Amino acid sequence: MLDTTHFPKAARYWYMGKMHDWSDLSLHPMTHGLHYGTSVFEGIRAYETSRGPEIFRLSEHIDRLLYSAGVVKMTVPYTKEEIITAIKKTVLENELESCYIRPLLFYSYGNLGLVPKASPAELVIAAWEWSTYLGHQAENGINVFLGPWRRVHHSQLDMRAKLGGVYVQSTINGLEARAQGAEEALFLNLEGRIAEGPGENIFVIKDGLVKTNERSESILEGITRTSILEVARDLGYKTILGPITKEELLAADEAFFTGTAVEIIPVISLIDGSDPKAPRRESVIGTGKPGPISLQLRNTYLDLVRGKNPQYKKWLTPVRG
């Protein structure tokens with residue numbers, strides 16, 4: 001039996017049309033995606049609601065999964081509707097009321113040339129209980145490390161795609177951030193402005209103005225990011241899209257990360273290691289505590305994903321029925 005310490009309540013996964021026990025191993029070590037990161041994926045959450053488990057913005061996630069697959073020239077063996085059905089089945093088979101869902105399309109076994117001419121695309125879907133990505137204390141605010149390595153540039157790849165191989169950069173910076181005593185990393189782009197975290201978009205707030213950056217700043221336009229922009233406007237805040245400089249981040253009243261895994265997490269301090277020749281400096285953002293607007297947006301988001309706000313019912317897909 002495989003250790004499921006980091007995959008709570010995971011009992012079965014869906015692979016190419018069939019359910020498998022979690023400990024069943026079905027992939028050959030010469031699988032193309034394992035060697036070259038030739039995969040695309042989504043991180044999706046289902047939440048417990050009064051109507052049973054419901055999945056947040058499922059349709060949009062699968063649209064992006066299929067778009068990403070197109071970027072790496074995959075012939076996807078399933079339709080959008082079939083993938084949605086398989087995701088619901090995976091949640092039900094694991095008897096999960098709230099969970100994290102990972103659909104992964106990858107070039108499978110066939111050849112190991114860089115071009116996967118004999119390696120068909122295959123799909124696997126897993127789901128498990130995952131409450132907080134950065135730990136329960138993260139809601140009190142996190143310290144981020146701004147490293148010296150710049151984010152992959154939008155001129156190099158289609159930043160609308162969620163490509164598996166790109167995330168090795170996120171892994172390296174995430175490990176370095178923790179080695180520096182921070183909870184998470186933060187990237188600059190090639191222009192020297194703030195890009196995003198390893199798996200999160202960043203927002204800054206100044207004088208009540210809620211701001212985040214655009215794809216031209218070398219970010220993935222996250223689905224949570226898009227949702228928070230709409231929620232902020234609905235709450236009466238003015239929102240703006242535009243470049244964010246390091247100085248602007250440090251002068252902000254508040255800052256926070258958004259993402260499927262982190263949901264909404266305040267950023268309260270920064271270790272600046274972006275210049276390897278300069279001493280690393282730690283700075284407090286705002287008061288050094290989660291700000292009122294960040295907390296309001298966080299609480300509103302956590303309510304709506306749990307079906308407590310009928311205004312956003314459009315974003316929830318029931319698992320049953």
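Points worth noting:
- Each residue of region 33-45 was assigned a 3J(HN,Hα) from its phi angle through the Karplus expression (A = 6.51, B = -1.76, C = 1.60, θ = phi - 60°), giving x, 5, 8, 10, x, 7, 8, 9, 8, 9, x, 10, 10 Hz with x at Gly and Pro.
- For region 154-288: rounded, prolate or oblate by the Cα gyration tensor [a/c cutoff 1.5]: oblate
- Centre-to-centre separation between the Cα atoms of region 289-321 and those of region 232-261: 18 Å.
- Ranked by the mean number of other Cβ atoms within 10 Å of their residues, highest first, the peptides 243-250, 31-38 fall in the order 31-38, 243-250.
- Spatial offset of region 152-230 relative to region 20-39 amounts to 27 Å, using the alpha carbon center of each.
- Bridgeable aspartates and glutamates around LYS308 (alpha carbons under 14 Å apart, same-chain partners fewer than 8 residues away excluded): GLU48, GLU54.
- By the rule of a C-alpha distance below 25 Å, with chain neighbours fewer than 8 residues away ignored, the lysines paired with LYS73 are LYS18, LYS117, LYS162.
- Neighbourhood charge, 13 Å Cβ-Cβ cut-off, centred on GLN311 and excluding it, Lys, Arg +1 and Asp, Glu -1: +1
- Whether region 1-124 is rounded, prolate or oblate, judged on the alpha carbon gyration tensor where a/c under 1.5 counts as rounded: oblate
- Links that overshoot a 30 Å alpha carbon limit, given the list LYS9/LYS80; LYS88/LYS206; LYS9/LYS211; LYS238/LYS277; LYS9/LYS289: LYS88/LYS206; LYS9/LYS211; LYS238/LYS277; LYS9/LYS289
- Selected from VAL204, VAL144, VAL284 as most flexible by GNM, with the chain as the system and alpha-carbon contacts under 10 Å: VAL284
- The phi torsions of region 96-109, fed into the Karplus equation with coefficients 6.51, -1.76 and 1.60 and a -60° offset, translate into couplings of 9, 8, 9, 6, 9, 10, 10, x, 9, 9, 8, 6, 9, 6 Hz, rounded to whole numbers, with Gly and Pro shown as x.
- Each Cα pair under 8 Å and six or more residues apart adds its sequence gap; the mean of these over the residue count of the chain is a relative contact order of 19 percent.
- As a proxy for reagent exposure, VAL166, VAL319, VAL115 were ordered by neighbouring Cβ count within 10 angstrom, fewest first; the result is VAL115, VAL166, VAL319.
- Summed residue charge, Cβ within 9 Å of ARG151's Cβ, Lys/Arg positive, Asp/Glu negative: -1
- Largest mean-square fluctuation among GLY113, GLY273, GLY286, in a Gaussian network model of the chain whose springs join Cα atoms under 10 Å apart, belongs to GLY113.
- Each stretch of four or more DSSP H residues adds -39500 (n - 2.57); spread over every residue of the chain, this sum gives -7500 deg cm²/dmol at 222 nm.
- The magnitude of the dipole of the chain, with charges of +1 and -1 set on the Cβ of Lys/Arg and Asp/Glu and taken from the Cα centre, is near 480 debye.
No lab work stands behind these numbers, since they all come straight from the coordinates. Just so it is clear, the structure is predicted and the values come from calculations on it, not from any experiment. Neighbour counts run over all protein chains shown; Cβ positions are idealised from the backbone, glycine included.
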